[in-house]
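Report on one structure; see the data block that follows.
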Amino acid sequence: MNRINQKLQETKKILSIYFSAGYPNLNDTVQIIQDLEKNGVDMIEIGLPFSDPLADGPTIQASSTQALHNGMTTQVLFDQLKDIRKTVAIPLVIMGYFNPMLQYGIENFCQKCAEIGIDGLIIPDLPVDVYADEYKATFEKYGLKNIFLITPQTSVERIHFIDSVSDGFIYMVSSASVTGSQTGFGSAQEEYFKRIADMNLKNPQVIGFGINNKETFNQATQFAKGAIIGSAFIQHLTENSTGKIEEFVKAIR
Amino acid sequence: MSYNVNEKGYYGEFGGAFIPEMLYPNVEELRQNYLKITAEPEFQAEFDALLKEYVGRPTPLYFAKRLSEQYNTKIYLKREDLCHTGAHKVNNTIGQILLAKRLGKKRIIAETGAGQHGVATATVCALMGLECIVYMGEVDIKRQAPNVARMKMLGAEVRPAMSGSKTLKDATNEAIRDWINNPVDTYYIIGSVVGPHPYPDMVARFQSVISKEIKEQLLEKEGRENPDYVIACVGGGSNAAGTYYHFLDNEDVNIIAVEAAGLGVDSGESAATSALGKVGVIHGSKTLLMQTTDGQITEPYSISAGLDYPGVGPMHANLFTTGRAQFISITDEQAMQWGIKLSQMEGLIPAIESAHAFAVLDEMKFKPEDVVVINLSGRGDKDLNTYIDYFKL
């Protein structure tokens, strides 16, 4: 069974962390993944940097740009991760924009992910309908879960469609925003979290965007299976480099 | 075979809507409504009236006598330089602002490179009394001070794009982020035939008035609707899309697309996307794109800010790949020389973008009986400082 499905069957709430590969330094990637796992993080989204990350706010964007300056490329990331499964057991997801994957070749990219032991992909600018028509078969051939986003504006009909195409989890964007632009959740978001929880979808939901501390993590996981922290962790890396990861994780739960 | 968009939003293999889910409702609302709304007689009447009374259409199709004599062929210039605000850009912003109003939007955002689309957007927002925010690269704000001042006079807020290379592609990224953050009340007026479907088709339709008028005017002047050649410069490609639109599926009409070679196609300082680009995804559209082998988008270069875009509209990517259009790239130097030549032979100071299109006359041989239409997409007032610096005027 895929590590994502397995992890999501555990009774605990999932803490997932995103960071940009190659940030703050090119060769920090593996160390950061190992430290996150060691401190109890349940799943990691490894950001494949892109020059033009449309869905991201300034924090993740700046870390992407820095990672590219540091020399990160798709091939460099795959080389860094080639032995990752010797030391790391939790689910690993690559999150990146479609163009670099297209240039690597979708089949090659998926094959490489499978060799390394990547469990899934999040590609914000690959729409679910294009995926279903053109790429689903390839992803499935290599055992990769493709994770889709929903937002407060996503229609009920489309949520059901996304749920039907998904196998893993649904990435619930907490509000209409790019990453890193929220502070705390209001009643409108709680209503949205509850509305989705009440739909009883076949895929569990993991909430991202705007999770930055214990309070928001608890709020989100009251309604969803887990939560993803991105910008706040990047901020931590900016301030502490690869130090104090234990403190960061322990402060969340 | 049609060279127009299909029902899924593709031109051949190019186009589509590669957008984050956060943008799906906005883009879907537009996709479901744009054909319906723009086909309404009331919309058409208001659009046509504004083009006539406010923009100054139809723009003349001018027979360039001295040029025609020198090149021994019949050269007509479509005078988009006479449009209000100085270029064809306003045809599109008029159309989109009318659409935005009918969709009940209160707040308008736009991206701009040289500032022409920003000015055209600020202008129609003033006309309709709508809030206007224009994203512009920090570098471009410094380079294009007069257009920044124009936008401010027109009541728009100009927000600097500080990310990436701080130019047009980054301004576009910022506008898209704004739209993600403001999905309900905001309408994004894209300035070219780029972006996710339906934008390339919608913008092409609003600009298609150019080729519609060319047909009517040629019939009057030459007794036939179709020229032998239509020539236009291509950055994102909106003036070109408008110039080609009604000739796309008539293969008797030769289509020439002129890209900016910058300092030379192989110099590393170029914006010749057809020559240098590979299939990729930028700003929600699958198209030809200048990028690294790793798929990172690269920064193009041209002396003309309006041609300085790393991609090209999906319609044009398809015209190139299928061979329907011939693509020619013209250097800064050739274009600048044509800026002087057109000024001194016809008394027309062209925008540097448009000057690129004229350089085709030196690259191709036309027959004496050929009817050649060149789109003079904008006037050169905005480029005066560049001309002054280049020629030490």
Scan of segment B:120-137 for residues that are assigned to a helix (DSSP H, G or I) and closer than 26 Å to B:PRO350 by Cα, ordered by number = B:ALA120, B:THR121, B:ALA122, B:THR123, B:VAL124
Some residue of segment A:96-105 being within 12 Å of chain B (Cβ to nearest Cβ), out of contact with any strand residue (DSSP E or B) (no Cβ under 9 Å at 6 or more places or on another chain), under 19 Å from A:ASN146 (Cβ atoms) and in a helix (DSSP H, G or I) = yes
inquiry  = Condition first: within 14 Å of another protein chain (Cβ to nearest Cβ), buried (at least 17 other Cβ atoms within 10 Å of the Cβ) and touching a residue at least 60 places away in the same chain (Cβ under 8 Å). Can you find one or more residues in segment A:205-215 that meet it?
reply    = yes
note = Checked A:ILE147, A:ILE211, A:ILE159, A:ILE228 against criteria (part of a loop (DSSP other than H, G, I, E, B) and either β-branched (Val, Ile, Thr) or out of contact with any Leu (no Cβ under 7 Å at 6 or more places or on another chain) (or both)); the one match is A:ILE211
One residue from A:LEU237, A:LEU144, A:LEU201 being touching a residue at least 40 places away in the same chain (Cβ under 8 Å) and buried (at least 20 other Cβ atoms within 10 Å of the Cβ) = A:LEU237
query = What is the residue count in segment B:303-332 for residues that are modelled with pLDDT under 95 and part of a strand (DSSP E or B)?
reply = 0
request  = Please go through segment A:1-26 and pick out each residue that is part of a loop (DSSP other than H, G, I, E, B) and of a type in the set (S, T, N, Q).
outcome  = A:ASN2, A:THR11, A:ASN25
remark   = Of those in segment B:210-227 that are in contact with a Ser or Thr (Cβ under 9 Å, 6 or more places away or on another chain) and either closer than 13 Å to B:ASN250 by Cβ or aliphatic (A, V, I, L, M) (or both), the residue surrounded by the fewest Cβ atoms within 10 Å (Cβ to Cβ) is B:SER211
query = Taking segment B:6-26 as the search range and keeping residues that are of a type in the set (A, V, I, L, M, F, W, C), within 11 Å of chain A (Cβ to nearest Cβ) and outside any loop (DSSP other than H, G, I, E, B), which one is nearest to B:PHE320 (Cα to Cα)?
reply = B:LEU23
request  = Consider only pairs whose beta carbons are under 7 Å apart and that are at least six residues apart or on different chains; among these, list those whose first residue lies in segment B:328-353 and is under 17 Å from B:ALA64 (Cβ atoms) and whose second residue is of a type in the set (S, T, N, Q).
outcome  = B:ILE349/B:SER343; B:ALA351/B:SER377
message = With the requirement that a residue be among the polar types (S, T, N, Q) and under 14 Å from the mean Cα position of the chain (by Cα), what does segment B:91-137 give you?
response = B:ASN91, B:ASN92, B:THR93, B:THR112, B:GLN116, B:THR121
request  = Scan segment A:75-94 and give yes if some residue there is crowded, with 24+ Cβ neighbours inside 10 Å and at pLDDT below 95, otherwise no.
outcome  = no
task = Looking only at segment B:276-288, count how many residues are away from every other protein chain (no Cβ under 11 Å), within 19 Å of the chain's Cα centre (by Cα) and hydrophobic (A, V, I, L, M, F, W, C).
result = 1
task = With the condition kept exactly as written, say whether any residue in segment A:29-48 is touching a Leu at 6+ places or on another chain (Cβ under 7 Å), within 21 Å of B:ILE19 (Cα to Cα) and modelled with pLDDT of 95 or more.
result = yes
ask   = Of all residues in segment A:61-74, which are hydrophobic (A, V, I, L, M, F, W, C) and either crowded, with 23+ Cβ neighbours inside 10 Å or in contact with a Cys (Cβ under 8 Å, 6 or more places away or on another chain) (or both)?
value = A:ALA67, A:MET72
key: segment A:27-85, residues that are in a helix (DSSP H, G or I), of a type in the set (Val, Ile, Thr) and out of contact with any Gly (no Cβ under 8 Å at 6 or more places or on another chain)   = A:VAL30, A:ILE32, A:ILE33
message = Every residue in segment B:62-85 that is surrounded by fewer than 21 Cβ atoms within 10 Å (Cβ to Cβ) and under 20 Å from the mean Cα position of the chain (by Cα), please.
response = B:ARG79, B:LEU82, B:HIS84
ask   = If A:THR138 satisfies every condition in (1) of a type in the set (S, T, N, Q); (2) in a loop (DSSP other than H, G, I, E, B); (3) in contact with a helix residue (DSSP H, G or I) (Cβ under 7 Å, 6 or more places away or on another chain) but one, which is the exception?
value = (2)
query = Could you say which residue among B:ASP332, B:ASP308, B:ASP381 is among the acidic types (Asp, Glu) and within 16 Å of the chain's Cα centre (by Cα)?
reply = B:ASP308
key: Hits in segment A:58-95 - residues which are within 10 Å of chain B (Cβ to nearest Cβ), closer than 16 Å to B:GLN291 by Cα and in contact (Cβ under 8 Å) with a residue 40 or more places away in the chain   = A:LEU68, A:MET72
query = Conditions: (1) in contact with a strand residue (DSSP E or B) (Cβ under 6 Å, 6 or more places away or on another chain); (2) on the phi < 0 side of the Ramachandran plot. A:ILE116 meets all but one. Number of the miss?
reply = (1)
message = I need the full set of residues from segment A:42-57 which are in contact with a Ser or Thr (Cβ under 7 Å, 6 or more places away or on another chain), among the charged types (D, E, K, R) and within 14 Å of another protein chain (Cβ to nearest Cβ), in order please.
response = A:ASP56
message = Out of everything in segment B:156-180 that is polar (S, T, N, Q) and part of a helix (DSSP H, G or I), what residue ends up being nearest to the other protein chains (Cβ to nearest Cβ)?
response = B:ASN173
remark   = Note on B:ASN250: of the conditions (1) of a type in the set (S, T, N, Q); (2) touching a Ser or Thr at 6+ places or on another chain (Cβ under 8 Å); (3) touching a residue at least 24 places away in the same chain (Cβ under 8 Å), unmet is (2)
Residue list for segment B:10-26, restricted to those being closer than 26 Å to B:ARG107 by Cα and crowded, with 21+ Cβ neighbours inside 10 Å = B:GLY16, B:ALA17, B:PHE18, B:ILE19, B:PRO20, B:GLU21, B:MET22, B:LEU23, B:TYR24, B:ASN26
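The values are calculated or read from the model by the stated rules, or taken from the named source; none is laboratory data. Everything quoted here is computed from the prediction, not taken from an experiment. Methodologically, a virtual Cβ is constructed for each residue, glycine included, from the backbone with ideal geometry; neighbour enumeration extends over all protein chains shown.
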